[in-house]
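The values are calculated or read from the model by the stated rules, or taken from the named source; none is laboratory data. Computed from a predicted structure; not experimentally measured. Ideal geometry is used to build each Cβ from the backbone, glycine not excepted, and the neighbour counts take in all protein chains shown.
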Amino acid sequence: MTPLFFKITYWSGKPFAECNDISTEYFVDVSVRDSLTFQIGDDGKRWPDVIGTRAGLLLFSRKVPDAFRAEGVRGAEFIEAPITFVRNRLLMKKARPSYFRMCASAIIEHDSEVSFEGERFIPGRIVASCDSDVFHLKLPSGIYGYVCNRRVLEAIRRHDIGNLHIVPLDYYKVNKLDFFTPPFRLNVTGREWPPQSWYPDGFVPHAANLDNDTSN
């Protein structure tokens, strides 16, 4: 059973970026194409492929748009995101890649009637898909995060893009109070691919997020 869509976030929050141009209480409007600048805090030992922010978006090193372009990933526009200040002395001494924020041409929209069941999000409506491979995830509180299909996962694997936390879109932690449950993520760049199971043992996938193509 292969998922149709996957949710993408960052794996390690070190380093972490703050947007200079927007309050941390608000998310960046994905329609904004103006230049936004960022600063880096004290944590972290190396410059990763992907950096997390509190502005509802991720920063991607040039490795990511280059990989998407090489693999023909559709629906992603990358806008340069200059880093204007770095507090971390260790990172200041290391060569810094250029970073970009990604604007997707499509949105997967939360539909309260079908996509919220028992604290889990499943695909709702796909708006203006334009045959896109990447999407913004629109929640009731606003647009936050990214969704992709398996084509993007294959690009990530072939180009060894790291520091990503990827799970099926319908995955959720069954018991949020169970602090002893190991964190689950798909090891896209690991030796075994595709995985023997796209979900953890005992998890029941939602039918709306399953690819009915038996060849997968």
Inspect the stretch 13-31 for any residue being surrounded by 16 or more Cβ atoms within 10 Å (Cβ to Cβ), in a strand (DSSP E or B) and of a type in the set (Val, Ile, Thr) and give the result as yes or no. no
Taking into account only those residues within the stretch 186-208 that are part of a loop (DSSP other than H, G, I, E, B) and closer than 23 Å to GLY124 by Cβ, which is nearest to the chain's Cα centre (by Cα)? LEU186
Looking only at the stretch 36-57, decide whether some residue is farther than 20 Å from TRP11 by Cα, within 16 Å of the chain's Cα centre (by Cα) and buried (at least 17 other Cβ atoms within 10 Å of the Cβ). no
Name the residues in the stretch 69-86 that are under 14 Å from the mean Cα position of the chain (by Cα) and not in a strand (DSSP E or B), would you? none
Only residues that are over 16 Å from TRP11 (Cβ atoms), at pLDDT below 85 and of a type outside the set (Asp, Glu): list them for the stretch 174-202, please. VAL174, ASN175, LYS176, LEU177, PHE179, PHE180, THR181, GLY202
For the stretch 51-63, state whether one or more residues are assigned to a loop (DSSP other than H, G, I, E, B), modelled with pLDDT under 95 and within 24 Å of HIS159 (Cβ to Cβ). yes
